[in-house]
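Encoded as structure tokens, the structure appears first; notes follow it.
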Amino acid sequence: MESLTDDARLAALIEAEDKALTLFDAIEAAGIIAPGRSEAEVDGDIAALALETFGIERHWHQCNVRAGANTVTTFHDKPPLRVIAPEDTVYVDLGPVFAEWEADVGRTYAVGESAAKHALVGALDTVFEAVRAEARPDMTGAALYALACRMAEAHGYVFGGAIAGHVVAEFPHAVWPGDKDQQRISPNNRTRLSDPDPFGRTRHWILEIHLLEPGRTWGGFYERLLRW
């Protein structure tokens, strides 16, 4: 594995994230997310746009599109496919690879006029920043997960994720050796975020915020690099 400084690795991950956010801008400009379109149609159009416009051929995880009731589910769930309704929230989770660097970004849209749904979409970034402001490298993954849950509740929502993030790195970090729980921000990770990866390097983290409205019938998702 190529030896890079921690600063160089972080810079490469930031650059990958910036490119992934540009893909989101293109998705919005193309009007891909709209009522009457199925999750599968949105997914397929995103993959085609990523390849044709940005030359993205590899994704470290599949594109994940969830609408309406499916926004309460998480990445590993397999709910029945839905068609976007006029007043749905829709979240999109992208995992493109740029050169050898993984990006992981998530964004949610309120496609109708519901004030409650637009409010939740707006709260995602607010809760992310509130968690980020209190996160510290010497926290355990479990402690950071608990913080995310508290911040969601403080803003009037339920935290919907089984995890609140994970490691991101050179592709493919998913096949690294060792305990997978130590690569996640979850109640099962009792190691510090600052503990080294299996190769003795600094771990870099994605922070995920998954908010559900109090009745847990719909929600939204947001994720970015965790920068201290």
Measuring from centroid to centroid over Cα atoms, what is the spacing of the range 28-75 and the range 148-180 in Å?
21
Given a 1.4 Å probe and the protein chains all in place, what does the accessible area of D7 round to, in Å² to the nearest 10?
130
Taking amide H positions as placed in the peptide plane 1.01 Å from N, state which residues far from W205 in sequence (5 or more) or on other chains have amide H under 5 Å from it.
V168, L226
What do you get for GluC sites (Glu not before Pro) in the range 52-155 restricted to DSSP loop and a cutoff of at most 15 other Cβ within 10 Å of the site's Cβ?
E57, E87, E100, E113
Taking only DSSP H segments of four or more residues, each worth -39500 (n - 2.57), what value at 222 nm results for the chain once the sum is divided by all its residues, to the nearest 500 deg cm²/dmol?
-11000 deg cm²/dmol
Solvent-accessible surface (1.4 angstrom probe) belonging to S3, in square angstrom, nearest 10:
110
What are the ³J(HN,Hα) couplings of the range 160-170, residue after residue, when phi is run through the Karplus curve with 6.51, -1.76, 1.60 and θ = phi - 60°? Round to Hz, x for glycine and proline.
x, x, 6, 10, 10, x, 6, 5, 9, 6, 5
When every alpha-carbon pair in the range 1-127 is counted, what percent end up more than 22 Å apart?
40
Could you state the accessible area per residue of the chain in Å², with a 1.4 Å probe and every protein chain left in place?
45
Which value, in Å² and to the nearest 10, is the accessible area of R136 when all protein chains are kept and the probe is 1.4 Å?
120
Roughly how many percent of the accessible protein surface of the range 114-228 is carbon and sulfur, given a 1.4 Å probe and a whole-percent answer?
54
In terms of solvent-accessible area of protein heavy atoms at a 1.4 angstrom probe, what is the ranking of F199, F54, F24, highest value first?
F199, F54, F24
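The values are calculated or read from the model by the stated rules, or taken from the named source; none is laboratory data. Source: prediction; values computed, not measured. FYI the Cβ positions are ideal-geometry reconstructions off the backbone, even for glycines, and counts take in every protein chain you see. For the accessible areas, the whole protein counts, side chains as well, though only heavy atoms, and no ligand, DNA or RNA atoms are used. Shrake-Rupley method; radii C 1.70, N 1.55, O 1.52, S 1.80 Å.
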